[in-house]
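Let me begin by presenting the structure, written as structure tokens, before commenting on it.
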Amino acid sequence: MVLILPTVSAASETNPERILDYPWDHSPITVYIDDSNVPEHYSPTYYAQIEKAMKYWEEGGNGNLEFTPVFKLVDSKEADIRIKWVENLEIVEGAPPGVAGYASPMVSDGRYVKVDIVLEVGNYQGKAWRQYGDGTMLSVAKHEFGHALGLGHSSNRRDIMYPEYEQREDLNPLLLSKYGPILRMAALAAFAVLLYLGVSWQRSRKKRKKLEDKYFK
Ligand SMILES: [Zn+2]
């Protein structure tokens, strides 16, 4: 959860929707999917959604990457990207309500060193628990992988990186104007922030709109 911000030179200067143009200094990018320590409502079909999400980005994704990623699944927790599921992010990880997943990058010298992706398998709608279907899992996985590949959020509603179900206050702080000036300070060596690059599921549009207005006008 603690992020060391990349230095200025590493941030994208050509595409505002990218945090880093080249987040990984090697290829393939190794991926570990933890499908052994899974929560109660995990579905074995989720695994294939991760594979589909990886393929999506290998085939160009949303067109906003500066490079073509190649992934390699490995059976090691030393992998570059580690994926795990929890029953509910709000309860298990203390995430704000409505966050369905997040990607937490560890950054060193303007590159990602590790990215942990945590996905929840369902959420409460009112008092009723509802498990995510494969379609939702795929969308959330694609979105979080996008973050793991250096992308921030898109302002295009049709883009997978649009925070469709996301709480705006959990936006990557790198992109918030409040942090912009800090980012531009080359002297900044290290700066820790709490990062939730999450996608939430079916939360109040009204609240989102309000936050949108606040941050994106
Ligand atoms: Zn996001």
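The values are calculated or read from the model by the stated rules, or taken from the named source; none is laboratory data. Because the structure is a prediction, the values reported are computed rather than measured. Every residue, glycine as well, gets a Cβ built from its backbone with ideal geometry; the counts of neighbours run over all protein chains shown.
A few points about this structure:
Condition check ((1) modelled with pLDDT under 90; (2) away from the ligand (no atom under 16 Å from the Cβ); (3) crowded, with 20+ Cβ neighbours inside 10 Å) across all residues:
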position: L89; (1), (2), (3): yes, no, yes
position: V92; (1), (2), (3): yes, yes, no
position: L119; (1), (2), (3): no, no, yes
position: G122; (1), (2), (3): no, yes, yes
position: T136; (1), (2), (3): no, no, yes
position: A141; (1), (2), (3): no, no, yes
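- Considering A79, A95, the condition of being touching a helix residue (DSSP H, G or I) at 6+ places or on another chain (Cβ under 7 Å), touching a residue at least 24 places away in the same chain (Cβ under 8 Å) and aliphatic (A, V, I, L, M) is satisfied by A95 alone.
- Count - residues of the stretch 143-156 that are more than 9 Å from the ligand (Cβ to nearest atom) and closer than 18 Å to Y46 by Cβ: 2
- W85 being assigned to a helix (DSSP H, G or I), buried (at least 18 other Cβ atoms within 10 Å of the Cβ) and modelled with pLDDT of 95 or more: no
Each row is one residue, and each column tells you yes or no for (1) under 15 Å from I81 (Cα atoms); (2) among the small types (G, A, S).
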| site | (1), (2) |
| --- | --- |
| Y32 | yes, no |
| D35 | yes, no |
| Y47 | yes, no |
| Y56 | no, no |
| G61 | no, yes |
